[in-house]
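**Student:** First the structure, which I've put down as structure tokens, then a few questions once you've had a look.
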Amino acid sequence: MKRKRRLSYAKYGYIFSIPFVAAFLIFSLYPTLYTAFIGFTDLKGLLKTSMNILEDPFQNFRLILNNASFRLSLVNTLKIWLMNFIPQILLALLLTAWITSSRNKIRGKGFFKVVFYLPNIITAATIAILFNVLFGYPMGPINDILVKTGALAQPYYYLSDKTASQLIIAFIQFWMWYGYTMIILVSGVLGINPEIFEAAEIDGANDWQTFFLITLPNLRTILLFVLITSMIGGLNMFDIPKLFNLGQPGNATLTTSLFIYNQAFSGSYLYNRAAAASMIVFAIIVIFSIAIFLLMRDKGAAQEKREARQLARQIKRGEYLGKGAGK
Amino acid sequence: MMRSSSAGRAAYRLFIYAFLIFLAVLSLFPFVIMFINATRSTFEIQQSGISLIPSSYLASNYAILTGKTFDPLKGFYNSVIISTGATVLAVYFSTLTAYALFAYSWKLRQAFFTVILAVMMIPAQVTSIGFYQFMYRIGMTNNHLALILPAIASPATVFFMRQYMMASLQLELVDSARIDGSGELSTFNRIVLPVMKPAMATQAIFIFVASWNNLFLPLILLTDNDKYTLPIMVSLLRGDIYRTEYGAVYLGLALTVLPLFVIYFLLSKYIIAGVALGAVKG
């Protein structure tokens, strides 16, 4: 009797999944497969829709892989991502260590979190153009400050300097994201069993020993999450390089996303090449993600169990925060 | 001995505060310059790029700004339509999908959940060429629905909702509604949604902001000026027509930042709590 009832309810599992599945098939899976297909065709030119598979199906992929601009864009993207990510994770870890240490008793944690996270919710397009005018030449605010304080003898034309342009874009990314990374790491630390920290204190561990021997190893999964999401975001960087300096000077800030956009939506509208480039970037993202995952994975189910408990605790805390705005 | 170590600790704490305050200034400073320069004339800005005193050219900057292609009200209106539509759809259908995964035992349940986890990380850019061609063929470019409807399938939100449901939804509630003769969908709407409210509110903020800030897809899909979203309007400020109009550019940027500042400072507590919860995604 009971069994029959359960069976009759099972169909709602399917029914309630239909909207998601339909939207996913139409707007996500089909476009992905379609993109892959276009990569093998001769589709180019504005407003054109007819296409044929090329005699040499891999021609677009080969052309893209041998394209100097594409290679440069890959190098640029990785370089800008690393110049952003390494300082970002180091600063976020340092701030996490400071903020969560019971000995430092930092006040105003809430205030600092709110302010550090602020740039993250502002439109990236706006931020890119804001930094473009801040670093303006000859009398942008940055030049103004540096010349008036005597740090520079005369205004510097940052936007015409390849390294400066890359560094500024890396800085913008760093500036927008370290607060986010810090909040995630702090929440990870709060999820660690406090008894471990108490035991360490009793054993006489100092701040740095506690941090390197207890906090860091326990943050492993969260660091993995931060690393993979940051890498995927970094490899898809578009708004900031596009609007900060239009990929210039000399293609120094041309990223892979910007390359794909330029191939498809400007010049001769090479949709097929752009599609092939998209698939290559996608493959790179998948390979990197798997590699990072395998490198950092903890063996055994013990870790997973600990995470599950941590998760439950954090969700409870979030619910508490959500309901009782008082605390 | 004790004293020197506590003095050392105090100096160390002072250093930490100084550094934290430096970072806070760094976060706010560009926006402060932006708001102040939005009130200064282009001539003043070219004389000195930075000033801590607002000037009186707000109105004339606004006239220059809107005298060209930049139409903040239209951009605002379009962005509100798209972001609201996407948020409502994403939150409702993600909760419904999470409920399907949580409350019913069906054969493909585990497989379905695995697929959701796998596609959670696929970035939009990767599928953009196919998406654009597809939308072009069915005449959906320049149609806001092309930017709203895909939100029905938001894997990351489904994942979040499912986690929250496991921690806070009791199936006894659902069972007793069934005994009272409530239909399944109506049980979901009347009993489950209220329980999920805190999670839905948190997710709504993030989906709204992400949709609001999105540039890539609107940029390739919308070619008609009347359909432009705010980020596309912003990208016009980078064009040649505003090249020498610094006051107007700062004002245009400030206008796009202002609504986000208001939302952020009203909801910052929930936003920060939501970011912290995001850690569980890993």
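**Student:** Do you know which of the residues in the range B:17-58 that are β-branched (Val, Ile, Thr) and crowded, with 17+ Cβ neighbours inside 10 Å is farthest from the other protein chains (Cβ to nearest Cβ)? Walk me through it before giving the result.
**Tutor:** Within the range B:17-58, the subset β-branched (Val, Ile, Thr) is B:21, B:25, B:32-33, B:36, B:39, B:42, B:45, B:50, B:53.
Next, from what is left, pick out any that are crowded, with 17+ Cβ neighbours inside 10 Å: B:33, B:36, B:39, B:42, B:45, B:50.
On the way: B:Ile33: 5, B:Ile36: 10, B:Thr39: 14, B:Thr42: 11, B:Ile45: 7, B:Ile50: 4 Å.
Step by step, filter the range B:17-58, then rank; the result is B:Thr39.
**Student:** Checking A:Leu95 against (1) within 16 Å of the chain's Cα centre (by Cα); (2) crowded, with 20+ Cβ neighbours inside 10 Å: exactly one of these is not met. Which one?
**Tutor:** (1)
**Student:** Within the range A:259-278, identify whether any single residue is on the phi < 0 side of the Ramachandran plot, β-branched (Val, Ile, Thr), over 22 Å from the mean Cα position of the chain (by Cα) and buried (at least 20 other Cβ atoms within 10 Å of the Cβ), and answer yes or no. Before you say what the answer is, go through the steps one by one.
**Tutor:** As a first pass, look at the range A:259-278 and keep what is on the phi < 0 side of the Ramachandran plot: A:259-266, A:268, A:270-278.
Adding the requirement that they be β-branched (Val, Ile, Thr) leaves A:260.
From the residues that got through so far, the ones that are over 22 Å from the mean Cα position of the chain (by Cα) too are none.
No, because not a single residue in the range A:259-278 is on the phi < 0 side of the Ramachandran plot, β-branched (Val, Ile, Thr), over 22 Å from the mean Cα position of the chain (by Cα) and buried (at least 20 other Cβ atoms within 10 Å of the Cβ).
**Student:** Another one. Does any residue of the range A:72-85 turn out to be closer than 14 Å to A:Tyr271 by Cα and in contact with a Leu (Cβ under 7 Å, 6 or more places away or on another chain)? Step through it out loud before you land on a result.
**Tutor:** Step one: of the range A:72-85, the residues closer than 14 Å to A:Tyr271 by Cα are none.
Within the range A:72-85 (the criterion being closer than 14 Å to A:Tyr271 by Cα and in contact with a Leu (Cβ under 7 Å, 6 or more places away or on another chain)), the answer is no, since none of the residues qualifies.
**Student:** Among the helices (runs of 4 or more DSSP H) lying completely within the range A:59-163, list those that include at least 3 residues that are farther than 30 Å from B:Leu14 by Cβ and touching a residue at least 24 places away in the same chain (Cβ under 8 Å).
**Tutor:** Helices (runs of 4 or more DSSP H) meeting the threshold: A:59-65, A:68-100, A:124-134.
**Student:** Can you tell me which of (1) part of a helix (DSSP H, G or I); (2) modelled with pLDDT of 85 or more; (3) open to solvent by 10 Å² or more (accessible area, probe 1.4 Å); (4) more than 10 Å from chain B (Cβ to nearest Cβ) is the one A:Ile292 doesn't meet?
**Tutor:** (2)
**Student:** Hey, another quick one. Of these, B:Ser168, B:Ser154, B:Ser211, B:Ser176, which one is within 30 Å of B:Lys68 (Cα to Cα) and either of a type in the set (S, T, N, Q) or open to solvent by 40 Å² or more (accessible area, probe 1.4 Å) (or both)? Steps first, please.
**Tutor:** Values: B:Ser168 fails: within 30 Å of B:Lys68 (Cα to Cα); B:Ser154 fails: within 30 Å of B:Lys68 (Cα to Cα); B:Ser176 fails: within 30 Å of B:Lys68 (Cα to Cα).
On inspection, the qualifying residue turns out to be B:Ser211.
**Student:** Same structure again: If a residue must be loosely packed, with under 11 Cβ neighbours inside 10 Å and in contact with a helix residue (DSSP H, G or I) (Cβ under 7 Å, 6 or more places away or on another chain), how many such residues does the range A:35-58 contain?
**Tutor:** Going through the range A:35-58 one residue at a time, the tally reaches 1.
**Student:** Also, I was wondering about something else. Inside the range B:260-278, can you point out the residues that are of a type in the set (A, V, I, L, M, F, W, C) and open to solvent by 10 Å² or more (accessible area, probe 1.4 Å)? Write out each step before concluding.
**Tutor:** Taking the range B:260-278 as the starting set, the residues that turn out to be of a type in the set (A, V, I, L, M, F, W, C) are B:260-263, B:265-267, B:271-273, B:275-277.
Matches in the range B:260-278: B:Phe261, B:Val262, B:Ile263, B:Phe265, B:Leu266, B:Leu267, B:Ile272, B:Ala273, B:Ala276, B:Leu277.
**Student:** Select, from B:Val234, B:Val262, the only residue that is hydrophobic (A, V, I, L, M, F, W, C), assigned to a helix (DSSP H, G or I), within 8 Å of chain A (Cβ to nearest Cβ) and within 30 Å of B:Ser55 (Cβ to Cβ). Show your work before the answer.
**Tutor:** On the way: B:Val262 fails: within 8 Å of chain A (Cβ to nearest Cβ).
One residue alone meets the criteria, B:Val234.
**Student:** Let me ask you something else. Can you tell me which residue in the range B:240-259 is farthest from the chain's Cα centre (by Cα), limited to those that are outside any helix (DSSP H, G or I) and touching a residue at least 40 places away in the same chain (Cβ under 8 Å)?
**Tutor:** Among them, the one singled out is B:Thr244.
**Student:** Of the residues B:Leu145, B:Leu96, only one is within 22 Å of the chain's Cα centre (by Cα), open to solvent by 30 Å² or more (accessible area, probe 1.4 Å) and within 25 Å of B:Phe206 (Cβ to Cβ); which? Give the steps one after another, and end with the answer.
**Tutor:** Values: B:Leu96 fails: open to solvent by 30 Å² or more (accessible area, probe 1.4 Å).
Only one candidate passes the filter, namely B:Leu145.
**Student:** Now a separate question. Checking the conditions here, which among B:Ile64, B:Ile116, B:Ile129 is without any contact (Cβ under 8 Å) to a residue 40 or more places away in the chain and surrounded by 15 or more Cβ atoms within 10 Å (Cβ to Cβ)?
**Tutor:** Working: B:Ile64 fails: without any contact (Cβ under 8 Å) to a residue 40 or more places away in the chain; B:Ile116 fails: without any contact (Cβ under 8 Å) to a residue 40 or more places away in the chain.
After ruling out the rest, the residue left standing is B:Ile129.
**Student:** State whether one or more residues within the range B:126-143 are facing chain A (nearest Cβ under 7 Å), modelled with pLDDT under 90 and over 20 Å from A:Leu46 (Cβ atoms).
**Tutor:** Yes, the conditions are met somewhere in the range B:126-143.
The values are calculated or read from the model by the stated rules, or taken from the named source; none is laboratory data. Just so we're clear, the structure is a prediction, and the values are computed from it rather than from any experiment. Using ideal geometry, Cβ is built from the backbone for each residue, glycine included, and neighbour counts are taken over all protein chains shown. Protein only, heavy atoms only, side chains kept; ligands, DNA and RNA dropped before computing areas. Shrake-Rupley method; radii C 1.70, N 1.55, O 1.52, S 1.80 Å.
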